[in-house]
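Here is the structure we will look at.
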Amino acid sequence: MTASILPGHDPASIAAACRVLREGGLVGMPTETVYGLAADAANGNAVAALYAAKGRPKFNPLISHVTGLDMAETLGRFNPVARELAHAFWPGPLTLVVPRLTDCPVSELACAGLDTLAVRAPAHPAAQNLIAAFGGPLVAPSANPSGGVSPTRAAHVAEGLGSRIGLILDGGPCDVGVESTVIGFDGDKALLLRKGGLARAEIEAITGPLGRPDADSPKASPGMLKSHYAPRAALRLNATDIREGEVLLGFGAVSDAELNLSPTGDLQEAAANLFACLRELDARGVQGIAVSPIPDEGLGEAINDRLQRAAVPRDAE
Ligand code: TXA
Ligand code: MG
């Protein structure tokens, strides 16, 4: 079986995707960050099939995707800061981790048994339309085999998971290109659990300085494995030269780059290109990738985080 790829803007595709979801199936769903692998959040069997399709460890909980705060508040309890963040940045690349309501319909497997729930309203119109038409939350991890590079094109989803899912909605290339920023709470204090597509400064303008969870506290993001987003090629970061067996993945005005994340040094463009460039270099069969230095500010924080994880040898987990 190879998944059919349908145009995400077509109401008939949305209706077909809804039928797949109601039967407990899996749908490749475009979002503005990366493509997600969507399943009915309330259907434990569908969620189990999703973990199996990705080869994802069951201790790593999933994000529930909603149309907005109204639907989110039927699932979790929002403190005033969480509500303010949702008002400011939803729909958009921000995930909030909040306590589950006692009657939360999301499968406990999707939350890996935690009493908290990660929830996000994605901005992509196809995702919005799909969730609205389905009428309830959809869990959706990035639509790649666990540990691999996240997909930012419908074709990437088909490459990695096409034989395991029925239908992929094509929403074009993802605008943001890295996963959402994940924020949790210690009381009212906001904690940065995962760097992502919404820059720290934008969030801190509302919350003040973000805290960091203790590495071994249950509030830490359980999915943040050391090795992740890993291409086959070895990565060397902050490279100012090209060594034998390597090609250069450039940033800014550098010469001899095989590919360049953003020749003008634009961090938003670099984030949008990051995963597609890593895939392309893998497809070219390169052995080693030297990556130009990327400033650790704005979206650069998330880009560097993903590159650092991609550079860790897989057996180091
Ligand atoms: O942009 C995104 O967030 C994409 C698109 C598809 O929405 N999704 C995504 O999902 O990146 P995934 O499953 O690859 O990453 C979810 C992250 C993981 O790091 C997971 O550990 C964390 O969210 N997470 C989920 N539930 C959590 C919880 N209750 N407490 C803390 N972290 C949680
Ligand atoms: Mg992922």
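So, L248, is that one aliphatic (A, V, I, L, M), touching a helix residue (DSSP H, G or I) at 6+ places or on another chain (Cβ under 7 Å) and crowded, with 20+ Cβ neighbours inside 10 Å or not?
For L248, the condition - aliphatic (A, V, I, L, M), touching a helix residue (DSSP H, G or I) at 6+ places or on another chain (Cβ under 7 Å) and crowded, with 20+ Cβ neighbours inside 10 Å - is not met.
Restricting to region 153-191, name every residue that is closer than 16 Å to P93 by Cα and acidic (D, E).
Within region 153-191, D175, E179 qualify.
Select from region 70-90 the residues that are crowded, with 18+ Cβ neighbours inside 10 Å and touching a residue at least 40 places away in the same chain (Cβ under 8 Å) and list them in ascending order.
Residues of region 70-90 crowded, with 18+ Cβ neighbours inside 10 Å: 71-72, 75-76, 78, 81-82, 85-86, 89-90.
M71, A72, L75, G76, V81, A82, L85, F89 - these are the residues of region 70-90 that are crowded, with 18+ Cβ neighbours inside 10 Å and touching a residue at least 40 places away in the same chain (Cβ under 8 Å).
In this structure, is G148 at pLDDT below 95, of a type outside the set (A, V, I, L, M) and buried (at least 18 other Cβ atoms within 10 Å of the Cβ)? Spell out the reasoning first.
Values: at pLDDT below 95: yes; of a type outside the set (A, V, I, L, M): yes; buried (at least 18 other Cβ atoms within 10 Å of the Cβ): yes.
Yes: the conditions hold for G148.
Do we have any residue at all in region 146-165 that's more than 21 Å from E32 (Cα to Cα) and more than 16 Å from ligand 2 (Cβ to nearest atom)?
Yes, there is a match, as at least one residue in region 146-165 is more than 21 Å from E32 (Cα to Cα) and more than 16 Å from ligand 2 (Cβ to nearest atom).
Could you tell me whether any residue of region 24-35 is surrounded by fewer than 17 Cβ atoms within 10 Å (Cβ to Cβ) and assigned by TED's automatic domain parsing to the domain that holds G147?
yes
For region 157-182, what are the residues that are of a type in the set (S, T, Y) and part of a strand (DSSP E or B)?
T181
Within region 276-289, identify whether any single residue is part of a helix (DSSP H, G or I) and farther than 18 Å from G245 by Cα, and answer yes or no. Full working, then the answer.
At the first step, the residues of region 276-289 found to be part of a helix (DSSP H, G or I) are 276-283.
Those still in the list that are farther than 18 Å from G245 by Cα too: 276.
Checking region 276-289: at least one residue is part of a helix (DSSP H, G or I) and farther than 18 Å from G245 by Cα.
For region 152-197, enumerate the residues that are hydroxyl-bearing (S, T, Y) and under 17 Å from E297 (Cα atoms). Lay out the reasoning, then the answer.
If we filter region 152-197 for residues that are hydroxyl-bearing (S, T, Y), which is where we start, we get 152, 163, 180-181.
Answer for region 152-197, where residues must be hydroxyl-bearing (S, T, Y) and under 17 Å from E297 (Cα atoms): S180, T181.
Working only within region 172-201, note down all residues that are within 16 Å of ligand 2 (Cβ to nearest atom) and not small (G, A, S).
Across region 172-201, the qualifying residues are C174, V176, V178, E179, T181, V182, L193, R194, K195.
Within region 120-145, which residues are within 23 Å of T102 (Cα to Cα) and within 16 Å of ligand 2 (Cβ to nearest atom)?
Just the residues of region 120-145 that are within 23 Å of T102 (Cα to Cα), to begin with: 120-121, 131, 134-140.
Of everything in region 120-145, those that are within 23 Å of T102 (Cα to Cα) and within 16 Å of ligand 2 (Cβ to nearest atom) turn out to be R120, L138, V139, A140.
Residues being closer than 14 Å to A46 by Cα and either surrounded by fewer than 16 Cβ atoms within 10 Å (Cβ to Cβ) or not assigned by TED's automatic domain parsing to the domain that holds P80 (or both): count how many of those fall in region 99-116.
Summing the residues that are closer than 14 Å to A46 by Cα and either surrounded by fewer than 16 Cβ atoms within 10 Å (Cβ to Cβ) or not assigned by TED's automatic domain parsing to the domain that holds P80 (or both) in region 99-116 gives 2.
So which residues in region 1-44 are modelled with pLDDT of 95 or more, polar (S, T, N, Q) and closer than 22 Å to A276 by Cβ?
Across region 1-44, the qualifying residues are T31, T33.
Within region 210-233, is even one residue more than 24 Å from G36 (Cβ to Cβ), more than 10 Å from ligand 1 (Cβ to nearest atom) and at pLDDT 95 or above?
So far as region 210-233 goes, yes, one or more of its residues are more than 24 Å from G36 (Cβ to Cβ), more than 10 Å from ligand 1 (Cβ to nearest atom) and at pLDDT 95 or above.
When you scan region 183-203, how many residues do you find that are touching a strand residue (DSSP E or B) at 6+ places or on another chain (Cβ under 6 Å), in a strand (DSSP E or B) and closer than 24 Å to E269 by Cα?
Residues flagged as touching a strand residue (DSSP E or B) at 6+ places or on another chain (Cβ under 6 Å), in a strand (DSSP E or B) and closer than 24 Å to E269 by Cα within region 183-203 amount to 3.
The values are calculated or read from the model by the stated rules, or taken from the named source; none is laboratory data. Note that the structure is a prediction, hence the values are computed from the model and not measured. With ideal geometry, Cβ positions are generated from the backbone for all residues, glycine too; neighbour counts draw on all protein chains shown.
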